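Notes for the one structure printed next.
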Amino acid sequence: MFFDEAVIYVRSGDGGNGIVHFHREKYMPRGGPDGGDGGRGGDVVLIATRHMNTLYAFSRKRKFIAENGKDGGPNRRSGASAPALRIQVPLGTVVKDAKTGAILADLVEHGQAVVVAKGGRGGRGNQHFATSTNQAPRMAERGEPGEGRELRLELRLIADVGIVGVPNAGKSTLLSVISNAKPKIAPYPFTTLEPNLGVVVVGDRDIVFADLPGLIEGAHMGIGLGHAFLRHVQRTRLLVHLLNGESENPLADFNQINAELALFDPQLAHKPQIVALNKMDLPEAQARWAQVERELKQRGYSIMAISAATGSGVRELVNRAAAELAQLPDQVRTFDQTPTYTLAHEEAMAFTLTRGEHGEFIVRGEAIERAAAMTYWEFDESVARFQRILERLGITKALEEAGVQVGDTVFIGDYELEWGE
């Protein structure tokens with residue numbers, strides 16, 4: 001089975017905790033705070049490699065979690081940062097956010113990498129909180145939590161030439177004749193259940209041909225087998241449109257395939273095509289050749305007559321494909337990516353306040369949830385600092401206006417707190 005889609009869960013590492021510690025040394029009774037900082041959590045990185053052809057590796061393992069950063073130590077020793085978790089994917093992988101569908105990256109070059117989840121920063125030790133009025137702070141930060149997200153991986157094959165046509169047009173036979181590929185071949189529709197790649201040597205150049213499953217009417221809407229592979233056509237630079245010489249109306253087949261391509265992606269309507277009528281070894285194809293050639297020439301297409309079964313005209317078709325490729329830009333089509341950006345200050349500081357089923361107050365917001373996760377609740381000074389953050393963000397005022405009373409439950413992210421005076 002050809003694996004060209006996968007959904008995986010990735011999570012970057014949490015930052016290491018900063019610690020509360022005071023220097024202890026003989027003859028130095030007031031050594032001061034020297035709690036070290038935590039190390040940074042590991043990033044999750046996707047890297048494109050030419051050594052993979054499918055997404056099969058993700059059919060068994062779907063969860064990838066990076067290591068956490070190490071906690072800080074005494075004497076201002078910082079914890080070690082965790083290494084990045086590097087995940088290899090095949091060339092042509094489009095990375096999407098599974099929830100929003102936004103394209104995060106399009107990996108088309110060997111070694112191209114993208115960070116899909118950033119590791120949490122390490123918490124600061126109490127050495128950073130010493131001031132002239134508080135020279136012995138019992139306060140530090142826990143490490144910032146890592147990011148967790150679901151990703152959808154879609155593989156779009158990178159091939160020079162895509163062979164398209166209706167089912168049973170002879171695409172797999174043609175690929176087997178011009179290359180060493182061994183696709184399954186049989187005289188019934190939908191033999192090809194997955195794309196097949198073959199390398200054809202022309203002179204000193206290797207050309208990659210892709211045999212794509214046959215398309216039927218409505219394929220762009222998910223009808224038939226071809227819809228799952230239409231996206232692979234997007235990467236190709238040139239199409240070989242193979243017509244079935246046995247068909248009752250090859251011209252109708254030609255119109256249908258072009259319509260399905262254009263409906264799936266308007267840019268495919270402008271992709272260069274070489275049209276070839278196959279099965280010229282059969283009387284039916286020979287009888288239809290003159291009409292098909294005449295009508296396609298009137299539309300501005302040039303058409304070739306071939307027989308993949310006997311090899312007639314096949315070498316001329318390959319040479320013509322090589323000549324046309326030489327005239328086309330040597331590049332792979334990429335897809336628009338959502339630009340990476342940092343949240344504006346106002347957006348990061350924003351919060352929402354709602355009431356739960358039992359009257360509890362629920363506060364949600366990026367900044368306040370991160371602050372809660374990084375607070376040492378066992379240290380009074382850390383709790384007091386968190387309360388100052390609540391006031392600075394306007395959450396305290398919002399809770400008071402909403403009628404919060406002493407003893408009420410307030411949820412901030414995953415933390416359940418009791419409101420006090």
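The values are calculated or read from the model by the stated rules, or taken from the named source; none is laboratory data. Keep in mind the model is a prediction, meaning the values are calculated, not measured. Because the Cβ atoms are built from the backbone with ideal geometry, glycine has one as well, and the counts that use them run over all protein chains shown.
Assessment of the range 137-147 against the conditions (farther than 30 Å from residue 24 by Cα, within 18 Å of the chain's Cα centre (by Cα) and not assigned by TED's automatic domain parsing to the domain that holds residue 210) yields at least one matching residue. Residues in the range 396-416 that are out of contact with any helix residue (DSSP H, G or I) (no Cβ under 6 Å at 6 or more places or on another chain) and crowded, with 16+ Cβ neighbours inside 10 Å were compared, and the one that is farthest from residue 351 (Cα to Cα) is 408. Consider the range 302-329 and keep the residues that are assigned to a loop (DSSP other than H, G, I, E, B) and over 14 Å from residue 160 (Cα atoms). The one that is farthest from the chain's Cα centre (by Cα) is 310. Of all residues in the range 363-384, exactly one satisfies the criterion of being charged (D, E, K, R), within 20 Å of residue 421 (Cα to Cα) and not in a helix (DSSP H, G or I), namely 378. Residues in the range 6-34 that are in contact with a Phe, Trp or Tyr (Cβ under 9 Å, 6 or more places away or on another chain) and either assigned to a strand (DSSP E or B) or in the same structural domain as residue 377 (by TED's automatic domain parsing) (or both): 6, 7, 8, 9, 10, 11, 33.
Hey, does the range 45-54 have a residue that's within 18 Å of residue 146 (Cβ to Cβ), in the same structural domain as residue 118 (by TED's automatic domain parsing) and small (Gly, Ala, Ser)? Scanning the range 45-54 turns up no residue that is within 18 Å of residue 146 (Cβ to Cβ), in the same structural domain as residue 118 (by TED's automatic domain parsing) and small (Gly, Ala, Ser).
Just one of the listed residues (316, 421) is modelled with pLDDT of 90 or more and either under 27 Å from residue 134 (Cβ atoms) or of a type in the set (Asp, Glu) (or both), and it is 316.
Selection within the range 79-105: residues that are buried (at least 20 other Cβ atoms within 10 Å of the Cβ) and out of contact with any strand residue (DSSP E or B) (no Cβ under 8 Å at 6 or more places or on another chain). The member of this set that is nearest to residue 157 (Cα to Cα) is 82. In the range 36-71, the qualifying residues are those that are among the charged types (D, E, K, R) and out of contact with any Gly (no Cβ under 6 Å at 6 or more places or on another chain), and the one that is nearest to residue 122 (Cα to Cα) is 63.
State all residues of the range 114-136 that are over 30 Å from residue 31 (Cβ atoms) and buried (at least 21 other Cβ atoms within 10 Å of the Cβ); if no residue qualifies, say none. 116, 117, 119 - these are the residues of the range 114-136 that are over 30 Å from residue 31 (Cβ atoms) and buried (at least 21 other Cβ atoms within 10 Å of the Cβ).
Yes/no per residue for (1) without any contact (Cβ under 8 Å) to a residue 12 or more places away in the chain; (2) within 30 Å of residue 134 (Cβ to Cβ); (3) touching a Cys at 6+ places or on another chain (Cβ under 7 Å); (4) surrounded by fewer than 23 Cβ atoms within 10 Å (Cβ to Cβ):
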position	(1), (2), (3), (4)
14	no, yes, no, no
21	no, yes, no, yes
38	no, yes, no, no
49	no, no, no, yes
53	no, no, no, yes
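The residues of the range 269-301 that are out of contact with any Lys or Arg (no Cβ under 9 Å at 6 or more places or on another chain), of a type outside the set (Lys, Arg), crowded, with 20+ Cβ neighbours inside 10 Å and not in a strand (DSSP E or B), listed by number, are 280, 292. Testing residue 311 on (1) crowded, with 18+ Cβ neighbours inside 10 Å; (2) closer than 18 Å to residue 175 by Cβ, one condition comes back false. Which one is that? So the condition that residue 311 fails would be (1). Would you check if there is a residue in the range 260-273 being touching a helix residue (DSSP H, G or I) at 6+ places or on another chain (Cβ under 9 Å), at pLDDT 75 or above and among the acidic types (Asp, Glu)? Yes, some residue in the range 260-273 is touching a helix residue (DSSP H, G or I) at 6+ places or on another chain (Cβ under 9 Å), at pLDDT 75 or above and among the acidic types (Asp, Glu). If you go through the range 251-268 and keep only what is exposed (fewer than 14 other Cβ atoms within 10 Å of the Cβ) and either part of a loop (DSSP other than H, G, I, E, B) or aliphatic (A, V, I, L, M) (or both), you end up with just 252.
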